[in-house]
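First the structure, in the form of structure tokens, and then the observations on it.
The values are calculated or read from the model by the stated rules, or taken from the named source; none is laboratory data. What you see is a predicted model; the values in this text were computed from it and never measured. Quick reminder, even Gly has a Cβ in these numbers, built from the backbone with ideal geometry, and neighbours come from all protein chains shown.
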Amino acid sequence: MSHADEVLDSNPSTHPTLDDVIQARAQGTSRREVLKGSVGFMALSFLGGGAATLLTACGGGTTEETPGTPSSPAPVRPAALGFTAVAKSLADAVSVPAGYSVQVVHRLGDPLAASLPAYSNLGTDAAAGFAYRVGDHHDGMHYFGLDASGKADASASTRALLAVNHEAITPSFLHPAGQTIVGGVRTVPEEVLREFYAHGVSISEIQKGAGGWALKQDSAFNRRVHTLTDMVLSGPASGTSYLVTRYSPNGTRTRGTVNNCANGYTPWGTYLTCEENWGGYFRRVTATDNANRSAKELTALARYGVAGAGRELWGTVTPDTPDDLYGRWVAEVKGASASEDYRNVANTYGWVVEIDPYDPGSTPRKRTALGRFAHEGAWIGKVETGKPLTFYMGCDSRNEYIYKFVSTALWDPADATGGLAAGDKYMDHGRLYVAKFNADGTGTWLELAFGVGNVSASTPAYAFADQADVLIHARLAADAQGATKMDRPEWGAVDPVTGAVYMTLTNNSGSLRSLAATDAANPRHYNDPRTTGAAQRGNPNGHVIRWMETGATSFQWDIFLFGSRAGSDPASVNLSGLTADNDFSSPDGLWFSRATNICWIQTDDGAYTDVTNCMLLAALPGTVGDGSAVTITNTDAGGATKAVPTRVGAQPGTRLRRFLVGPPQCELTGLAESPDGKTLFVNIQHPGEDTPLADLGNPSAWPSHWPDGGTARPRSATLAITRNDGGPIGL
Ligand code: FEO
Ligand code: CA
Ligand code: CA
Ligand code: CA
């Protein structure tokens, strides 16, 4: 059973994209003109790279963004990358450039409490102990510095709390012989309990000593947040009827978090973990439950993909416990009212969740003002005293949207140590918007508020009742406002040098991504043939879009990078001119170092895996608009063509370089650094995840034994990467 790149697609809305406009403009655009445009943009790219006002940084940029400290030097971009590109690889290993070293900081199962034994990695470790072990599928991550006395210190580079998301599990390696399922039912509660704990977030103390970075097993800060952790539902939807469950009859709390994908962090020292493709975990047998639901509820449940047996069949365990350990995963009408069952439980998932890593006893808060969707992550734009805070967010499913939340409260540096109370101030009150990308390179933020635009009690597809309804069903509100469907928004990042916002659009193919579905912001439809010749049509390699805000609700955008195999058609596929040193597919993780201002890009790929495992690349971007307007001519399987005008950023040349390649079937994800820029932390998620259950008894057949080698089961893990001469990473 493979969970690779799990995605729930449930956007059937047919509101017009910009397709008609583009088609009209594209009439008569010849292939010759397209090629001419491409050559022009290639010439411009050289100017773009050279004209950018770049100064040598070498660690001289700002460290952690410390709001309200005017003495911080203005961030600058390094003049060049300082390492030799790593070759593409299919090896069961982590490859880094010469002069760099890699160390494993923690792996699935490593103990986070003094009394726990080392992980057997045979699937036999007691489930209860898993509440204090590192979880599976390491994902988004952040470094929270600690000073010598154990206080928060944003400049501490040798002691920290590492907050790591544990998005999902590789079931075949988590138990003795995979999941025990009899007739569609989980029959071993011990296995299910182990899975409950293996998801969520770990907070662990790490320290740097003579031997490098080490996990502090007995730290009082060590903590697991998982699917059993009590959570507060905060913000405008809290306490509304939509969130009433048997667990919380007044709709103010829920239990657990799941599918914690990417992340974010706040200027007040808290961690944001984001609930991504959570809809599939709930069991809802439509054949019986649909009859008990209103038409409005059915629309909402379908739009969020809450239907089916449940991804891990957690709701099938019987008998249940008095506190509904298993029944809380059954999103069906069972009782006489919502406070007697879990019909609304799915409404308590799909949020940005705030955790205070420095306070192990604190209760995480789900921030409902930021909307409910398949949250990849939440990234705050430039922090300025006296101005609102802006959170950028993507909804990772095919044809979903990009959102932003703007706080009502204006930033006050006195809140920098405010913890969750500061979260209440900045994240519970504000405005939610969704992005519309126009063909002319401009964009508009459309507000999602009850009574604004097409969002009201008379919205045809879904009659909204109030603002809580809008936030809980943000996807439906975004449909109504005419947002632009994107090629799967993954990570975002804000460039400290220019203030531009970058977001990866990992890939999009299949029946939902036809030639007709292309538009200016999602402009390619092509075939990326595997070495076997198997066709992969649509946008299998993905791209990275970026924009600069030009007003409160307007922006200017272009496409920073297009994923591609080197050697693909430069006019319709390899528009960024990628070479053997930097070609990649399916960008996902994205992050700017605050020490070096390097942009780091990670891949989560299934398209180019005939040639290489997933990878990490370093980039030195220019500015939005440093390339040119280009018209791409797309061709589908039947030979039909469509010309799509778009905005292509300057080609990166040597300013984009492959830094690391991971082991087979892994995803590179999670990015954090020590504030001195001398340690880069990244995660290797699910190496060998597609190992067939039938091969479990034959380790020599497994694609990966990373990181332990020999005949060991592969494990997700966090890496610390350092330079042998102690210098900053990447320069
Ligand atoms: Fe969990 Fe969007 O990847
Ligand atoms: Ca993954
Ligand atoms: Ca992905
Ligand atoms: Ca991801």
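Selection of the stretch 560-587 for residues being touching a Leu at 6+ places or on another chain (Cβ under 8 Å) and part of a strand (DSSP E or B) yields L561, F562, S564, F584, P587.
From the list A629, A618, A643, the lone residue that is in contact (Cβ under 8 Å) with a residue 60 or more places away in the chain and either touching an Asp or Glu at 6+ places or on another chain (Cβ under 6 Å) or farther than 24 Å from V501 by Cβ (or both) is A643. Restricting S456, S509 to residues that are farther than 30 Å from A79 by Cα and touching a Lys or Arg at 6+ places or on another chain (Cβ under 9 Å) narrows the list to S509. Within the stretch 281-305, residues that are under 21 Å from C395 (Cβ atoms) sit with their Cβ atoms under 6 Å from residues that are of a type in the set (S, T, Y), at 6+ positions apart or across chains, in these pairs: T299/Y462; R303/S10; G305/S10. Only one entry in S586, S628, S593 is under 24 Å from M548 (Cα atoms) and within 16 Å of ligand 1 (Cβ to nearest atom), namely S586.
Counting residues in the stretch 125-138 that are touching a Ser or Thr at 6+ places or on another chain (Cβ under 7 Å), of a type in the set (D, E) and in a strand (DSSP E or B) gives zero.
To keep it simple, each residue is scored yes or no on (1) more than 16 Å from ligand 2 (Cβ to nearest atom); (2) under 17 Å from E205 (Cα atoms).
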residue	(1), (2)
Q103	yes, yes
L108	no, yes
S120	yes, no
H137	no, no
M141	no, yes
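S157 fulfils the conditions (1) assigned to a loop (DSSP other than H, G, I, E, B); (2) surrounded by fewer than 18 Cβ atoms within 10 Å (Cβ to Cβ) except for a single criterion, (2).
Among the residues examined, G211 qualifies as over 23 Å from N259 (Cα atoms) and at pLDDT below 95. Among the residues of the stretch 136-159, the ones that are within 16 Å of ligand 4 (Cβ to nearest atom) and out of contact with any Pro (no Cβ under 9 Å at 6 or more places or on another chain) come to 6 in all.
Note down all Cβ pairs under 8 Å where the first residue falls in the stretch 176-196 and is more than 23 Å from Y132 (Cα to Cα), the second is charged (D, E, K, R), and they're at least six residues apart or on different chains. So the pair list comes out as T180/R186; T180/E191; R186/E312. Those strands (runs of 3 or more DSSP E) of the stretch 189-260 in which 2 or more residues are in contact with a Lys or Arg (Cβ under 6 Å, 6 or more places away or on another chain) occupy 200-209, 230-234. Where residues in the stretch 281-293 are surrounded by fewer than 21 Cβ atoms within 10 Å (Cβ to Cβ) and not hydroxyl-bearing (S, T, Y), which of them is farthest from S337 (Cα to Cα)? That would be A287.
Take the residues of the stretch 491-513 that are within 15 Å of ligand 3 (Cβ to nearest atom) and among the polar types (S, T, N, Q): which is surrounded by the fewest Cβ atoms within 10 Å (Cβ to Cβ)? If we take residues in the stretch 491-513 being within 15 Å of ligand 3 (Cβ to nearest atom) and among the polar types (S, T, N, Q), then S509 is surrounded by the fewest Cβ atoms within 10 Å (Cβ to Cβ). The condition (being under 30 Å from S407 (Cα atoms), within 16 Å of ligand 3 (Cβ to nearest atom), under 21 Å from the mean Cα position of the chain (by Cα) and aliphatic (A, V, I, L, M)) is satisfied by just one residue among A262, A163, A168: A262.
For the stretch 634-669, give me each residue that is among the hydroxyl-bearing types (S, T, Y) and within 16 Å of ligand 2 (Cβ to nearest atom). Talk me through it step by step, then tell me what you get.
The initial filter retains those residues of the stretch 634-669 that are among the hydroxyl-bearing types (S, T, Y), namely 635, 641, 646, 654, 669.
T669, the sole residue that qualifies.
Of the residues in the stretch 673-719, how many are within 16 Å of ligand 1 (Cβ to nearest atom) and in contact with a strand residue (DSSP E or B) (Cβ under 8 Å, 6 or more places away or on another chain)? Counting residues in the stretch 673-719 that are within 16 Å of ligand 1 (Cβ to nearest atom) and in contact with a strand residue (DSSP E or B) (Cβ under 8 Å, 6 or more places away or on another chain) gives 6.
Which one of D708, D690, D725 is farther than 20 Å from A493 by Cα, within 16 Å of ligand 3 (Cβ to nearest atom) and surrounded by fewer than 21 Cβ atoms within 10 Å (Cβ to Cβ)?
Selected residue: D690, the only one of D708, D690, D725 that is farther than 20 Å from A493 by Cα, within 16 Å of ligand 3 (Cβ to nearest atom) and surrounded by fewer than 21 Cβ atoms within 10 Å (Cβ to Cβ).
As for the stretch 253-263, it holds no residue that is under 30 Å from P360 (Cβ atoms), surrounded by fewer than 21 Cβ atoms within 10 Å (Cβ to Cβ), in contact with a Gly (Cβ under 7 Å, 6 or more places away or on another chain) and among the β-branched types (V, I, T). Of all residues in the stretch 197-232, those that are hydrophobic (A, V, I, L, M, F, W, C), surrounded by fewer than 21 Cβ atoms within 10 Å (Cβ to Cβ) and closer than 19 Å to A128 by Cβ total 1.
Are any of the residues in the stretch 536-545 in contact with a Pro (Cβ under 7 Å, 6 or more places away or on another chain) and within 16 Å of ligand 1 (Cβ to nearest atom)? Within the stretch 536-545, one or more residues are in contact with a Pro (Cβ under 7 Å, 6 or more places away or on another chain) and within 16 Å of ligand 1 (Cβ to nearest atom). Picking from residues in the stretch 596-606 that are away from ligand 1 (no atom under 16 Å from the Cβ) and of a type outside the set (A, V, I, L, M, F, W, C), the one that is nearest to the chain's Cα centre (by Cα) is N597. Look at T654 and say whether it is within 30 Å of R594 (Cα to Cα) and assigned to a helix (DSSP H, G or I). In short, yes. Look at the stretch 128-153: where a residue is at negative phi and a partner is within 16 Å of ligand 1 (Cβ to nearest atom) and acidic (D, E), sitting 6+ places away or on another chain with Cβ atoms under 7 Å, you get D139/E167. Is it the case that some residue within the stretch 124-135 is more than 27 Å from R365 (Cα to Cα), acidic (D, E) and at pLDDT 95 or above? Yes, some residue in the stretch 124-135 is more than 27 Å from R365 (Cα to Cα), acidic (D, E) and at pLDDT 95 or above. Considering the stretch 313-428, the qualifying strands (runs of 3 or more DSSP E), each wholly inside and each with 1 or more residues that are within 16 Å of ligand 4 (Cβ to nearest atom) and of a type in the set (V, I, T), run over 352-355, 402-410.
What is the one condition in (1) more than 16 Å from ligand 1 (Cβ to nearest atom); (2) touching a His at 6+ places or on another chain (Cβ under 6 Å); (3) not hydroxyl-bearing (S, T, Y) that A168 does not satisfy? It fails just one condition, (1). Whether any residue in the stretch 444-454 is under 20 Å from W351 (Cβ atoms), small (G, A, S) and touching a strand residue (DSSP E or B) at 6+ places or on another chain (Cβ under 6 Å) is what I want to check. The answer is no, given that none of the residues of the stretch 444-454 is under 20 Å from W351 (Cβ atoms), small (G, A, S) and touching a strand residue (DSSP E or B) at 6+ places or on another chain (Cβ under 6 Å).
Could you please find all residues in the stretch 485-512 being within 17 Å of V624 (Cβ to Cβ) and away from ligand 4 (no atom under 16 Å from the Cβ)? The answer is V494, D495, P496, V497, T498, G499, A500, V501.
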